[in-house]
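The values are calculated or read from the model by the stated rules, or taken from the named source; none is laboratory data. This is a predicted model, so every value here is computed, not measured. Because the Cβ atoms are built from the backbone with ideal geometry, glycine has one as well, and the counts that use them run over all protein chains shown.
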Amino acid sequence: NAGVTQTPKFQVLKTGQSMTLQCAQDMNHEYMSWYRQDPGMGLRLIHYSVGAGITDQGEVPNGYNVSRSTTEDFPLRLLSAAPSQTSVYFCASSFSGEYNEQFFGPGTRLTVL
Amino acid sequence: GEDVEQSLFLSVREGDSSVINCTYTDSSSTYLYWYKQEPGAGLQLLTYIFSNMDMKQDQRLTVLLNKKDKHLSLRIADTQTGDSAIYFCAEKREGNTPLVFGKGTRLSVIA
């Protein structure tokens with residue numbers, strides 16, 4: 001199993017540009033989520049999905065869109081990048097249920113100039 | 001306010017024990033987790049404890065849970081330089097809800 005994969009590893013954008021961060025998992029997990037990690041802020045949940053076709057907002061959803069058309073993929077879209085979105089982004093997945101060990105991807109480091 | 005709280009930094013000497021503390025606020029939490037993040041990497045599950053347990057030991061790791069005070073701790077015995085990382089506490093509440101993470105404690109091990 002490849003586990004949770006994220007692409008790209010690094011990205012530099014200019015303010016106003018759009019892009020999609022890719023996330024895929026091959027463990028047949030129902031649950032997928034996106035976090036951003038900023039110094040001193042820990043992990044903050046952006047969006048999550050409990051299954052294909054179902055998404056919900058987390059703590060900091062503004063400026064980001066998601067969709068879940070398949071079990072495997074959960075892309076995160078930045079429609080108009082802003083410097084405040086400079087961060088490290090992590091995707092995670094798990095089975096649903098009370099014990100749901102989350103598996104994390106290696107992260108995407110995004111810089112918005 | 002912050003749901004899960006941890007101190008941000010801890011520094012220990014190699015060979016000493018490290019104790020990382022965490023407090024949470026939701027009494028319905030079912031599982032509590034400790035994740036480890038090494039530099040430049042994602043988080044990996046280190047250990048977990050179910051809410052009806054008081055203690056869990058796994059080699060050098062000991063997790064203590066005080067449900068009355070909503071306090072969780074992670075003790076690392078004989079701390080090594082390879083233990084230098086950020087440690088996140090996380091709680092799983094009832095139902096199909098996301099994990100709630102603390103801000104992480106950066107552990108520095110001095111040789």
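Structural remarks
- Residue count for the range A:21-37, restricted to those that are over 14 Å from the mean Cα position of the chain (by Cα) and within 10 Å of chain B (Cβ to nearest Cβ): 1
- Hey, residue B:29 under 26 Å from residue A:91 (Cβ atoms) and in contact (Cβ under 8 Å) with a residue 40 or more places away in the chain or not: yes
- Any hit, the range A:55-66, residues being crowded, with 20+ Cβ neighbours inside 10 Å and under 28 Å from residue B:105 (Cβ atoms): no
- Taking the criterion of being outside any strand (DSSP E or B) and facing chain A (nearest Cβ under 7 Å), the residues of the range B:91-103 that qualify are B:96, B:98, B:99, B:102, B:103.
- Looking only at the range A:70-105, and only at residues there that are crowded, with 21+ Cβ neighbours inside 10 Å, of a type in the set (Ser, Thr, Tyr) and out of contact with any His (no Cβ under 6 Å at 6 or more places or on another chain), the one that is farthest from residue A:30 (Cα to Cα): A:87
- Count of residues meeting criterion [hydrophobic (A, V, I, L, M, F, W, C), under 11 Å from the mean Cα position of the chain (by Cα) and either surrounded by fewer than 19 Cβ atoms within 10 Å (Cβ to Cβ) or under 18 Å from residue B:44 (Cα atoms) (or both)] in the range A:38-54: 1
- Within the range B:40-76, being touching a residue at least 40 places away in the same chain (Cβ under 8 Å) and within 14 Å of the chain's Cα centre (by Cα) holds for B:43, B:46, B:70, B:71, B:72, B:73, B:74, B:75, B:76.
- Of all residues in the range A:63-109 being aliphatic (A, V, I, L, M) and out of contact with any Leu (no Cβ under 7 Å at 6 or more places or on another chain), the one that is farthest from residue B:38 (Cα to Cα): A:79
- Any chance residue A:64 is facing chain B (nearest Cβ under 10 Å), of a type in the set (Ser, Thr, Tyr) and in contact with a strand residue (DSSP E or B) (Cβ under 7 Å, 6 or more places away or on another chain): no
- Residue list for the range B:6-20, restricted to those being of a type outside the set (Ser, Thr, Tyr) and surrounded by 17 or more Cβ atoms within 10 Å (Cβ to Cβ): B:6, B:10, B:12, B:20
- Looking only at residues of the range B:33-90 that are acidic (Asp, Glu) and either surrounded by 15 or more Cβ atoms within 10 Å (Cβ to Cβ) or in a strand (DSSP E or B) (or both), we find that the one that is nearest to the other protein chains (Cβ to nearest Cβ) is B:58.
- Condition met for residue A:10 (at pLDDT 95 or above, within 27 Å of residue B:36 (Cα to Cα) and surrounded by 14 or more Cβ atoms within 10 Å (Cβ to Cβ)): no
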